[in-house]
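Colleague: Starting off with a structure, shown below.
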Amino acid sequence: MTQTETLAPAAAAACAVPAAPADVASLAEEIRELKRDRNAVILAHNYQRPEVQDVADVIGDSLALARFAARTDADVIVFCGVHFMAETAAVLAPEKTVLLPDLEAGCSLADSITAEQLRAWKAEHPDAVVVAYVNTTAEVKAETDYCCTSSNAVQVVQAIPADQEILFLPDMFLGSYVQRVTGRTNMHIWMGECHVHAAIRPGHVSDVLDQHPRAELLVHPECGCSTPAMYLSAAGELPAGRTRFLSTGGMLEYARRAEGDEFVVATETGILYQMEKQNPGKRFIPANPDAICPFMKKITLNKVRDALRDNRHVITVPEEIAERARLSIERMIAIG
Ligand code: 13P
Ligand code: SF4
């Protein structure tokens, strides 16, 4: 079976391998050799292209990859993900060389707030504690008290005293999800969004569920459908007990453990590759097959090889910013 045959058609088209299959094998071999020579480790986010996931030492969600970067004894970390993830690794492992194979691998969500905007927001709420999703620049993290990811956002907010005002940023869908789960009324939410997840609308989910009435529903809390999905699930209008709100790592773990064999997946479609690979007898249907992150797909095998061979795109964070950002990231790593 080829790599693309395991993907849903739209995801396969978007992840089209830029090199022919024979080249994929020889590039993968070249990468393995370079990795050994440089004592390097390759980390890949769950949304990466299939062939990039296949050369990775670790594949995971934002929290798992940050935790791994903090403890690896490799000299070089090749981060197959987006810029803020490589920055987070550089903050946690300043003595390592962190490489991002393509500098254009950005993030629309991280771009939705600047450090200057955050400083102005803090000035309006001088007593508030700042909780920032990890999808932010290091400069924003330096202005932050606690970082969180989708897998521990609820626990991070619950760890803050109930009477403490909170500024939550930058994702409004994750923010309203956390607000609803925790019942917090003293939480202000920044109106940012990820354009990929925001485009997964409630209509997509209900259409796909109509076609697959037995399926379980896995929703990433960054999705545009997440808040309506919570209300509908609480009202019993979505499959009772069969709707889960999970990070990408949480979705993979749930899919492995679940007894059901059909899942509608509301997140970026790159995750379907690992889901199908890890669960041969189960079926995974994207809620919106067009939910493809153009930034994540910037990373190709050629660029991974070039990064390792030519030490290309070293990510560094000025120590003055890293020092302030580290505290909030370390709090995130410790919780959940
Ligand atoms: P997680 O993998 O942490 O769930 O994050 C999803 C995401 O959109 C990363 O950019
Ligand atoms: Fe950013 Fe969205 Fe892409 Fe994740 S999927 S990297 S949040 S633009």
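Colleague: Mean projection of the alpha-carbon convex hull of region 182-225 over all orientations, in nm²? Don't skip to the end; give the middle numbers.
Modeller: Working: hull surface 17.0 nm².
Orientation-averaged projected area of the Cα hull: 4.3 nm².
Colleague: Let's test the formula: R0 of 30 Å, r as the Cβ-Cβ distance of residue 311 and residue 277. What FRET efficiency results, to the nearest 0.05? Don't skip to the answer; put the middle values down first.
Modeller: Values: r = 31 Å, r/R0 = 1.03.
Once rounded, the FRET efficiency stands at 0.45.
Colleague: Evaluate the Kirkwood expression for the hydrodynamic radius of the chain, namely the inverse of the mean inverse distance over all pairs of different C-alpha atoms, and round to one decimal in Å. Write down the numbers at each step before the final one.
Modeller: Values: mean 1/r = 0.0493 Å⁻¹.
Kirkwood radius, the chain: 20.3 Å.
Colleague: Add +1 for every Lys or Arg and -1 for every Asp or Glu among the other residues with Cβ under 12 Å from the Cβ of residue 227, and state the total. Before the final figure, lay out the partial values.
Modeller: On the way: positive: 180, 201; negative: 171, 193, 222.
Neighbour charge sum, excluding residue 227 itself: -1.
Colleague: Between residue 188 and residue 23, what is the label-to-label distance in nm when each label sits 7 Å out along the Cα-to-Cβ direction?
Modeller: A separation of 5.1 nm, rounded to one decimal place.
Colleague: In whole Hz, with x marking every Gly and Pro, tabulate ³J(HN,Hα) for region 129-141 from phi via Karplus 6.51 cos²θ - 1.76 cosθ + 1.60, θ = phi - 60°.
Modeller: Rounded to whole hertz, the list is 8, 9, 10, 10, 4, 4, 6, 8, 6, 4, 4, 5, 4.
Colleague: Let me ask something additional. Rounded to the nearest whole Å², what accessible area per residue is found for the chain with the 1.4 Å probe? Walk me through the numbers on the way to the answer.
Modeller: On the way: 13560 Å² over 336 residues.
With the other protein chains kept in place, the chain gives 40 Å² per residue.
Colleague: At a Cα cut-off below 17 Å, give the aspartates and glutamates reachable from residue 35, other chains included and same-chain residues fewer than 8 away excluded.
Modeller: 51, 54, 57, 73, 75, 306, 310
Colleague: Per-residue counts of other Cβ atoms within 10 Å, averaged by peptide: what ranking do you get for 291-297, 199-205, highest first? Spell out each step's value before the answer.
Modeller: Details: 291-297: 21.1, 199-205: 19.6.
Top to bottom by mean Cβ count within 10 Å: 291-297, 199-205.
Colleague: Please find the FRET efficiency linking residue 256 to residue 123, where r is the Cβ-Cβ separation and R0 is fixed at 41 Å, and quote it to the nearest 0.05. Display every interim value, and only then the final one.
Modeller: Values: r = 46 Å, r/R0 = 1.13.
Efficiency computed from Cβ-Cβ geometry: 0.35.
Colleague: Moving on. Which lysines have a Cα less than 23 Å from the Cα of residue 277, not counting those fewer than 8 places away in the same chain?
Modeller: Hits, sequence-local ones excluded: 297, 298.
Colleague: Let me ask something additional. Taking a ≥ b ≥ c as the square roots of the Cα gyration tensor eigenvalues, with a/c under 1.5 meaning rounded and otherwise prolate when a/b beats b/c, else oblate, which class fits region 36-108? Mind dumping the intermediate values first?
Modeller: Values: a/c = 1.43, a/b = 1.16, b/c = 1.23.
Rounded, because the longest to shortest axis ratio a/c is under 1.5.
Colleague: With both bridge residues required to lie in the chain, what share of the DSSP beta bridges run antiparallel, to the nearest 5%? Don't jump to the answer; show the numbers that get you there.
Modeller: Working: 1 of 34 bridges.
Percentage antiparallel, nearest 5: 5.
Colleague: Taking residue 141 as the anchor, which lysines have their alpha carbon closer than 17 Å to its alpha carbon, excluding any fewer than eight residues away along the same chain?
Modeller: Output for residue 141: 122.
Colleague: Please state the relative contact order of the chain as a whole percent: Cα pairs under 8 Å, 6+ residues apart?
Modeller: Working: 663 pairs, mean separation 83.4, N = 336.
Relative CO of the chain lands at 25 percent.
Colleague: Provide the gained length on full extension for the span residue 58 to residue 95, in nm with one decimal, where the gain is 0.36 nm per separating residue minus the Cα-Cα distance.
Modeller: Values: separation 37, 0.36 × 37 = 13.32 nm, distance 2.00 nm.
Stretched out fully, the residue 58 to residue 95 stretch lengthens by 11.3 nm.
Colleague: Leaving out ligands, DNA and RNA but keeping every protein chain, what accessible area does residue 206 have, in Å² rounded to the nearest 10, with a 1.4 Å probe?
Modeller: Its accessible surface works out to 50 Å², give or take rounding.
Colleague: Give me, ordered by chain and number, the residues 5 or more places off residue 217 or on other chains with an amide H under 5 Å from its own placed amide H.
Modeller: Here 243, 244, 264 satisfy the definition.
The values are calculated or read from the model by the stated rules, or taken from the named source; none is laboratory data. Fair warning: this is a prediction, and the values are worked out from it, not measured in the lab. Because the Cβ atoms are built from the backbone with ideal geometry, glycine has one as well, and the counts that use them run over all protein chains shown. Heavy atoms of the whole protein, side chains included, go into the accessibility calculation; ligands, DNA and RNA do not. Shrake-Rupley method; radii C 1.70, N 1.55, O 1.52, S 1.80 Å.
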